[in-house]
Each structure stands twice: as C-alpha cells, then as structure tokens.
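The values are calculated or read from the model by the stated rules, or taken from the named source; none is laboratory data. If you're wondering where the values come from, they're calculated on a predicted model, not measured in any experiment. Every residue, glycine among them, receives a Cβ derived from its backbone with ideal geometry; neighbour counts consider all protein chains shown. SASA here: full protein model, heavy atoms, side chains in, ligands and nucleic acids out. Shrake-Rupley method; radii C 1.70, N 1.55, O 1.52, S 1.80 Å.
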Amino acid sequence: MVTNDNRHVVSVADPAAMAEAAAERVMTRMSKNPGRIAICLTGGSSPRQLYQLLAADAWRSKIPWERVHWFIGDERFVPTDDPLNNMSAARKLFLDQHAPAANIHPIPTSTADPADPDRGAALYEAELKSFYGADELDPARPLFDLVLMGVGPDGHTASLFPDYPAIAETERWVVGVPKAHVEPFVPRVSLTLPALNSCREMLFEVAGAEKRAILTRVLAGENLPASRAHATGETVWLVDEAALPENFRG
Ligand code: 6PG
C-alpha cells in the first residue's frame with residue numbers, strides 16, 4: 001500500500017501558470033532557510049519554463065545565489081554539450097548566468113565510464129555525503145530543501161523505472177542504471193528514493209493531456225516509482241488542466 005502523507009495536488013491552467021507557481025514555491029522554500037540551501041533539479045521538458053523564469057529579472061534578483069547549491073536528480077550518459085544532458089540544460093537556461101560555479105553539482109557522466117554507471121553514481125554519492133556532512137541521512141535534517149520532479153509515461157521519476165532494482169534501493173543514495181526504460185536509451189545515474197525523499201519539499205510538475213493516464217494511476221497510489229517519491233516534509237503536485245485526472249476536477 002502506498003502512502004502519500006502530506007501530498008497536495010495543485011491545479012493550474014497551463015504550463016506558463018505552472019512555471020509561475022513553481023517559481024513562487026521555490027522562492028518561498030528558499031526564504032525559509034537563512035543558511036546554505038540545497039535544491040535538486042530535474043531533467044526532462046517539464047521544468048524548462050521554470051528554469052527560464054528563474055533567470056528572468058523578477059525572480060533572479062530575489063535568489064540568494066551565493067547560498068544556493070544546485071544538484072540534479074538523474075543524468076544521462078551523453079556529452080555535456082548534448083541537449084539531452086539534464087544539468088547542461090539547466091546550466092544553459094539559468095545556472096551559468098547567475099550561480100557561482102562551485103555551487104553547481106553535476107553528476108559526472110561526461111567523464112565517467114558509461115559501461116560502469118555505478119562508478120559515476122559512487123562519485124556523486126560521495127559528493128552528496130561530503131556536502132551533507134554525514135554518511136547517514138537523518139530524517140530530522142533533510143538533505144535537500146527542495147527536490148523538483150517529473151513523471152514519465154511509464155510512471156518513472158528521476159531515472160527510477162518501474163520494476164528496476166534501483167527502485168528498491170534502501171542503502172545507496174545514488175545508483176547506476178545500465179539501460180533506460182524510455183528514450184533516450186542510454187545508461188543513467190539516478191538518485192534513489194532514500195536520497196530524493198530526504199527533502200523539506202518535493203515539487204512535481206506535470207503538464208499535457210498525454211500525462212493524464214499515468215497521473216491518474218500515480219495519484220491513485222498504484223505501486224509506481226513516482227507514487228513512492230514523497231518528501232519528509234511536504235509533497236506538492238503541480239498539474240495543469242490538460243493533465244488533471246477526472247476525479248480531481250472540480
Ligand atoms: C529524465 C528525468 C525524468 C523526467 C520525466 C518527465 O532524466 O528523464 O529526470 O524523470 O522528469 O521523464 O519528463 P518530461 O518532463 O520530459 O515529461
């Protein structure tokens with residue numbers, strides 16, 4: 001039985017409204033932490049408008065760039081200049097213009113060996129542990145202030161695919177995924193549920209009619225990776241009108 005404590009579904013009109021709502025949540029979350037802030041970004045197309053907004057004057061000037069560290073929930077083994085590289089997309093859309101280079105934490109898939117994705121995963125896990133300052137996650141002190149997520153057509157989130165061993169991982173924070181279940185079919189590195197769920201807020205962005213069927217299953221609590229991802233704190237699903245399941249319509 002999947003439990004989804006503290007889960008809120010927030011419906012918005014369209015992807016533009018979703019990006020605005022997401023930017024507001026990101027800012028509010030940052031304002032709650034006067035110290036070092038850790039944000040875990042996501043790949044895919046859903047967060048692109050949010051990333052663009054964060055680079056726009058209205059939002060950029062409010063972000064305490066020196067105090068914010070940016071991580072990524074999963075990465076594909078593609079070159080850094082490939083548009084399918086998740087962190088490169090975020091860098092291009094907003095990070096490189098504003099974030100100090102030392103605050104950007106990419107998964108080293110461009111230098112690690114794609115034949116051994118667990119090696120790249122181990123390097124990133126070591127980086128996360130060093131940032132966190134401990135080898136064990138303490139539920140009272142989440143790793144991330146905010147984790148952004150998306151959901152794929154098969155119910156995957158980050159690169160945690162249905163029925164893959166990575167989804168059952170309870171010890172490691174980061175794992176190698178030798179073969180993806182969806183395009184691009186390249187090896188991946190993914191944070192695991194223990195690491196992703198260690199956050200004050202998890203924020204999903206889901207838009208488009210093609211997402212409605214899988215979202216209906218996820219929100220019904222079916223045993224899918226995206227249903228099992230939820231924050232230690234608050235989990236928010238931002239859903240646009242086209243993706244909103246029938247039973248969530250007012
Ligand atoms: C990835 C993502 C992945 C993504 C979903 C949704 O690297 O592929 O992290 O989990 O969030 O597949 O993708 P879209 O936003 O493109 O629909």
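Which residues in the range 88-103 have a backbone N closer than 16 Å to a point placed 7 Å from the Cα of residue 36 along the Cα-to-Cβ line? What the label zone holds, given the 16 Å backbone N cut-off, is 100-103.
Take every DSSP beta bridge whose two residues both sit in the chain; close to 25 percent of them are antiparallel. Between 50, 155, 182, the Cα set farthest toward the positive side of the dipole of the chain (charges on each charged residue's Cβ, about the Cα centre) is that of 50. Taking the alpha carbon gyration tensor of the range 90-166, multiplying each eigenvalue by 5 and rooting it gives semi-axes of 21, 19, 17 Å, largest first. In the full protein context, the chain carries 43 Å² of accessible surface per residue, based on a 1.4 Å probe and ignoring ligands, DNA and RNA.
Taken over the chain, the convex hull of the Cα atoms encloses 119 Å³ per residue. Taking only C-alpha pairs under 8 Å that are 6+ residues apart, what is the relative contact order of the chain in percent? Relative contact order, the chain: 26 percent. Can you flag which of 62/129; 62/92; 62/211; 32/92 are past 25 Å Cα-Cα? Listed pairs above 25 Å: 62/129; 62/211; 32/92. Only helices enter the 222 nm calculation for the chain: every DSSP H run of n ≥ 4 contributes -39,500 (n - 2.57), and dividing by all residues gives -7000 deg cm²/dmol, rounded to 500.
When the accessible area of the range 23-137 is computed with all protein chains present and a 1.4 Å probe, what percentage of it is carbon and sulfur? Accessible surface attributable to carbon and sulfur in the range 23-137 totals 50 percent. When the Gaussian network model of the chain links Cα atoms closer than 10 Å, the mean-square fluctuations of 77, 131, 144 top out at 131.
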